[in-house]
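Structure first, commentary second.
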Amino acid sequence: MEQHTLKVLEYSKIIGELRSYASSKRGKDLVDKLQPYKDLEYIIERLKECSEARLMLDVVPNIPLGGIRDLREILLRAEKGMALDGHDLLDVSNTLFAVRRLKNFFMDLEDDIRGNNPYPRILKIGKQIVTFKPIEMAINQAIDNGGEVLDSASLKLRSIRSQMRTVGGRIKEKLNSIISGSTYQKMIQDAIVTIRGDRYVVPIKSEYKGSFAGIIHDRSSSGQTLFIEPMAVVNLNNQLRQLAADEEEEVYRILKELTNKVVLEIDRIKITLVLLAELDFIFARALYSRTLNAVEPVLNNIGLINLKQARHPSLKVKPVPIDVRLGDGFNTLVITGPNTGGKTVTLKTVGLLTLMAQSGLHVPCKSGSEMSIFEGIYADIGDEQSIEQSLSTFSSHMTQIIKILEKSKKNDLVLFDELGAGTDPAEGASLAMAILDYLHQKDILTIATTHYSELKSYAYSENGVENASVEFDLETLTPTYRLIMGIPGRSNALEIALRLGLPKSIIDHAREGISNEEVAVDKMIKDIEENNIQIQKERLETRWIKREMEELKVDYEKQVKQLEEQKKKILAQALEEAKEIVNSTKEEAKDLIKKARNVHMKNIEQTNLEIKQQLKITNDKLAETLQKFDKSTRKSRKVPVNLELGDRVRILSLNQKGDILEKLNEEEYVVQAGIMKVTVNKKDLDKIEDSADQGSKKRFTKIVRSKSKSISSTLDLRGARYEDARERTDKYLDDAYLSGLKVLEIIHGKGTGALREGIHDLLKGHHHVDDFRLGNDGEGGVGVTIVKLRS
């Protein structure tokens, strides 16, 4: 990647911020080496790793990555055959403990998820980690926390140090008797025992050197004191020196033995430390993602950029989110607008987020944003004036632009800030158009900011070139920092001057000096803005209609379900009654037959008459039940005839109006009822007159207006969940806007402030909102947000 591009887009700031999230020296080294990649599949894998780590952090905030030392120098000395000292071995032990702790964490996590693994890439690395508990324990048993070898490291060392303490005690005992006794009292300079050259000595006045039997080891700077080893302790000091040499030899043997244990596993230790550094690097990216509230972008390699609510990651003040598109129908984007309005920030945001994505980092934007992978990214941004080379701003920019034109090719991204500036406006505009046209013809994705009106016209008239602008509020005379795609920025200099108090006569005189072409361009932009406002209103009404249709669909499906359940219930009831009548009739028939068999012949006629009467009663009951069932399921009425395509009808069973779309046969028709197509028997239809209906669009508009009149100026979100609160607020803003409300009150409560921040993020990017603020003392304070809607 071009180093100049990394510099002007301030990629190093991202690396610096990311570095602070790494726990280990080796993890920080990986951050320092991070560069944008170009392989799509490789980048996707790195982003997936980051997403898994981010998800893991949400579930388990404290991943045990601490305590990892940088052992590279220590292991190198061990490989060269050098015995590691106690402090080196202590670093090895502490690091191996951190390895074992992290390994146990991943094993416990894998047990908890029980086959449903949301972290396949992270756990794959975790499985490769090897633990070295025997080495860790051996070091801990031999080395104390200060890096010193313990007496218990070996039996021999324990014995040597025990003898050293005994001999040392005897030496001190003899010396104390010398300095405290009366024999040498006048010779002693100070009544203390000290050490010189690993030998115990006493301080003697120099004039008594011939009277005090012993070996002189040192002299004071004044020459008044001699440090003499008395002959009485010479043999003891010799024993102590020999024991110290034995101790040193045994300590070295123990350190060498522990070092050899490390060397035997050094290759596996190195591999494990590389894995730990990689995990540290991954989790650093995840922590940075969480800090930025960033997401994993959708990647492609076809030059398509579709950033939604993108934010520059390094801005200290909370940035205004922007939506940017490029590569879908146009490969060149020309951004216009006032100074300090956000043009350069927009340019840097696109460039820097692209570098971040290609580095395997999440980007601060809305989920679903798309980004392309580019072979090269070239940028000419900021004041590149070089005093040393005696180059003007224009010359310096042109030098960089020439390099870009020579190197750039298809599948590259080119960014120009104030293209053609720094020279004669007419020549600069012409040169800028020529450069853009050159890149446009080569199908190189290009974004350029400019002040030139000629470039607005160029973008408007040239196929494959699109305008965009940073919004400016003429009421407050301040930029809003919002990016508007498809509309060039208007020249607001005269309007601003007028509002600031410049006499109108001067403004009118200035307008006379503006060329007809510039006036035409400004009028064109104004017309586009007005058309865009109208489109937004129509889009809003369409959204309303869609919502109403969805509500009707839900209501329709609910009615159908209720009717089906009612139908089943009636059928079941009727069948049950019919079954009871049949069973009762069978029993009565049996009784009559039995009675007939038992009667005398002279009573036959009487019996037959009774049977006929009973059968009539039974038939009447069955007919009554069937009639009841028929009334419950079908309405007696006149069936319509001569139904034609387009006829307006009512579906009786659903109580819904519709239009005949298709005749399937003599009995069945397809009816369009709202957004639903229904197959209906003609017996379930009533024909109605066209005049009774005013058309679907007018009908929905009437519904919208009717509902708008009932909209309250207050929305209470207390107790709502975050996502539900955002959806309710978005719909409420649409409703309130249609109803003509100007000022709204959104009650979100105080709480932790998370819901308030979420609502404020929505309000900042909402196209109906002009301004908002927290409530005053009499309005609910920080628990309420007052919203002012646009006209």
**Cβ-based net charge around HIS768, under 9 Å, with every Lys or Arg adding one and every Asp or Glu removing one** = -1
**Request:** Please list the non-local residues whose amide H lies under 5 Å from the amide H of LEU84, H modeled 1.01 Å from N, same-chain partners needing a gap of 5 or more.
**Result:** THR259
**Prompt:** Between ARG69 and residues 5 or more places away or on another chain, which pairs have amide H atoms under 5 Å apart, with H built 1.01 Å from N, and which residues are they?
**Reply:** THR95
**Request:** Run through all the Cα pairs of the range 300-443 and give the fraction in each 10 Å bin from 0, expressed as whole percent.
**Result:** 10, 39, 36, 14, 1
**Fill in**
Of 662-668, 441-447, 36-42, ordering from highest average Cβ density within 10 Å down gives 441-447, 36-42, 662-668
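Suppose R0 equals 30 Å. What FRET efficiency, 1/(1 + (r/R0)^6) with r the Cβ-Cβ distance, do VAL560 and ARG728 give to the nearest 0.05?
On the way: r = 28 Å, r/R0 = 0.94.
Working from the Cβ atoms, E equals 0.60.
Ordering ARG100, ARG114, ARG121, ARG165 by how much accessible area each has at a 1.4 Å probe, largest first, what is the list? If you can, show how the numbers build up before the last one.
Details: ARG100 50, ARG114 205, ARG121 70, ARG165 140 Å².
Result of the area sort, largest leading: ARG114, ARG165, ARG121, ARG100.
Expressed as cubic angstrom per residue, what is the convex hull volume of the alpha carbon set of the range 1-114?
Numbers: hull volume 19.0 nm³, N = 114.
So the per-residue hull volume is 167 Å³.
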**Request:** Taking H placed 1.01 Å from N in the peptide plane, check which residues at least 5 places from LEU413 or on another chain put their amide H under 5 Å from its amide H.
**Result:** GLY376, ILE377, TYR378
**Request:** Starting at the first residue of the range 444-450, write each ³J(HN,Hα) from the Karplus equation 6.51 cos²θ - 1.76 cosθ + 1.60 with θ = phi - 60°, in whole Hz, x for Gly and Pro.
**Result:** 9, 5, 9, 10, 9, 9, 7
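Please give me the summed charge of the neighbours of GLN185: other residues whose Cβ is under 15 Å from its Cβ, Lys and Arg +1, Asp and Glu -1.
Taking every other residue near GLN185 into account, the sum is 0.
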**Message:** How far apart, in nanometres, would the label points at ARG253 and LYS186 be if each is projected 7 angstrom from Cα along the Cα-to-Cβ direction?
**Reply:** 5.3 nm
**Asked** Using the beta-carbon distance between SER461 and ARG718 and R0 = 45 Å, what value does 1/(1 + (r/R0)^6) give for FRET efficiency, to the nearest 0.05?
**Response** 0.25
**Message:** Past 27 Å, Cα to Cα: identify those pairs from LYS504/LYS742; LYS103/LYS316; LYS25/LYS407; LYS546/LYS742; LYS48/LYS308; LYS48/LYS546, in the order given.
**Reply:** LYS504/LYS742; LYS103/LYS316; LYS25/LYS407; LYS48/LYS546
**Fill in**
A correct Karplus calculation of ³J(HN,Hα) over the range 46-52, with 6.51 cos²θ - 1.76 cosθ + 1.60, θ = phi - 60°, whole Hz and x for Gly and Pro, returns 5, 5, 5, 4, 4, 5, 5
**Request:** Pop out the carbon and sulfur fraction of the accessible area of the range 23-91 as a percent, whole number, probe 1.4 Å.
**Result:** 52 percent
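Using mean Cβ contacts within 10 Å as the protection proxy, how do 86-92, 350-356, 169-175 order, highest first? Write down the numbers at each step before the final one.
Working: 86-92: 21.3, 350-356: 25.1, 169-175: 15.3.
Taking the mean over residues of other Cβ atoms within 10 Å, the ranking is 350-356, 86-92, 169-175.
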**Prompt:** Among residues other than MET137 whose Cβ falls under 15 Å from its Cβ, what is the net charge (Lys/Arg +1, Asp/Glu -1)?
**Reply:** 0
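The values are calculated or read from the model by the stated rules, or taken from the named source; none is laboratory data. Bear in mind that the values here come from a model prediction, so they are computed numbers and not experimental data. Reconstructed Cβ throughout: ideal geometry from the backbone, glycine too, with neighbour counts over all protein chains shown. To get the accessible areas, we keep the full protein, side chains included, count just its heavy atoms, and leave off ligands, DNA and RNA. Shrake-Rupley method; radii C 1.70, N 1.55, O 1.52, S 1.80 Å.
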